[in-house]
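Structure below; questions to follow.
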Amino acid sequence: MKKLLSMVLIMVLLLAGCAGNKASSGSSKGGSGNAKGYPKKAINVIVAYEAGGGTDSGARIMLPYVEKELGVPLNVVNKPGGGGWIGWSQLANSKPDGYTIGYINTPNFMTGYLDPKFKRKESLESFTPIANHVTDPGAIAIRADEKRFTTIKELVEYAKKKRLTATSTGVGSDDHYASLKMNDQLGTKFEPVQNKGSAESVTSVLGGHVDVLFANVGELMSLHKEGKIKIIGVMNKERSSFLPKVPTLEESGYKVYSWSARGLAAPKGIDPEQLKVLQEAFEKGIKNKEQVEKMGKLGLQVQYLGGQDYKNLLQSDEDEVKKLGKLLGW
């Protein structure tokens, strides 16, 4: 009888030990492998520009691939206005619980806190970088039926003599800097007309309200191929693989460059384990070959950068904006 009781007791202890090991293993996996079950619900992704623009289109193509990695929906929330800072202010001031993240667009992003007249308390340190998604060079386009100038050289010569209005997606945006750089370096007389995003820029030029369209390759390629507008120059050191027949400004003798880098960030203070989950999911989503091909069809050049590489890009863009501040009278 004593032997039987001893055997039963031993079996009970062994079973309890196994159960404890399983519970311990499950707890460890939940705590480090997936940030205690994160994410458990949908995540909002703020896009600081209107629907239909380059950032919005790229986000809607890429995010479904990240959803598959995270297992929850990623909802695009458009917050246009203020040169992007309607959305970025909301992002910076959101609860850092991992359920609100957003796109940040450089160099537009830096202007909003470096320009002293805005007196913003936010800075690069108010955000936690996740990953870079797209690097999109600037482009200059005109109406398809434009007769005053049909090439970049003709445009520059005309703009040296007469004032021309030019689109801009906000004060200190990459489009704004592009026309200011041309005025500064080439003696042109472009007058920026501010709007909420590239979709509004296109409409204003097609409607004849603004003379010249400054935007990015990804925002204009489809319209160019459809013959609705004509891209006459790309503001990059090399021709765009999406527009091999369009010359760069450098080829025409104008060393003026412009680009927009679009990546994702969370509010400062996000839990490191949640950040790790997001970084790993976005790396897989951004590098997904199907996603890259879909982005390419829109003329959007995917350039994944994560960790310190992305932080270095943001710091470099911030340094560049500081140099350009003099063109805005800072």
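So how tilted is helix 307-324 from the main axis of the chain? Cα-based, degrees 0 to 90, rounded to 10.
Helix 307-324 sits roughly 30 degrees off the main axis of the chain.
Just from the alpha-carbon atoms, what are the Rg and Dmax of the chain in angstroms?
Both quantities, over Cα of the chain: 25.0, 110 Å.
While we're here: I'd like the antiparallel share, as a percent to the nearest 5, of DSSP beta bridges with both residues in the chain.
65
If you don't mind, another one. Under the rule a/c < 1.5 gives rounded, and otherwise a/b versus b/c splits prolate from oblate, where does the stretch 266-326 land using the Cα gyration tensor?
It comes out oblate by the Cα gyration axes.
Right, here's the next one. With contacts defined as alpha carbon pairs under 8 Å and 6 or more residues apart, what's the relative contact order of the chain in percent?
Result for the chain is 25 percent.
Here is a follow-up. Starting with the highest mean, order 151-162, 255-266, 225-236, 192-203 by the number of other Cβ atoms within 10 Å, averaged over the residues of each peptide.
In decreasing order of mean packing, 151-162, 255-266, 225-236, 192-203 become 255-266, 192-203, 225-236, 151-162.
Further question: If one computes the Cα centroid of the stretch 220-284 and of the stretch 108-132, what distance in Å separates the two points?
The two parts, judged by their Cα centres, are 20 Å apart.
Specify which residue in the list 324, 312, 247 is farthest towards the positive end of the charge dipole of the stretch 210-330, using unit charges on the beta carbon of Lys, Arg (+1) and Asp, Glu (-1), about the Cα centre.
Result: 247.
Taking every DSSP beta bridge that has both residues in the stretch 112-236, what percent is antiparallel when rounded to the nearest 5?
Bridges in the stretch 112-236 that DSSP calls antiparallel: roughly 60 percent.
Residue farthest toward the positive end of the dipole of the chain, with Cβ of Lys/Arg at +1 and Asp/Glu at -1: which of 274, 113, 59?
It is 274, whose Cα lies furthest towards the positive end.
Between residue 289 and residue 206, what is the spin-label point distance in nm, taking each point 7 Å from the Cα along the Cα→C-beta axis?
Here the modelled spin labels are 3.5 nm apart.
Take the alpha carbon gyration tensor of the stretch 46-100, find the square roots of its eigenvalues, order them as a ≥ b ≥ c, and report rounded if a/c is under 1.5; if not, report prolate when a/b exceeds b/c, else oblate.
oblate
The numbers here are math on the coordinates, done by the rules we state, and not lab data. In this text the structure is predicted, and so the values were computed from the model without any measurement. As a convention, Cβ positions derive from the backbone with ideal geometry for all residues, glycine included, and neighbour counts pool all protein chains shown.
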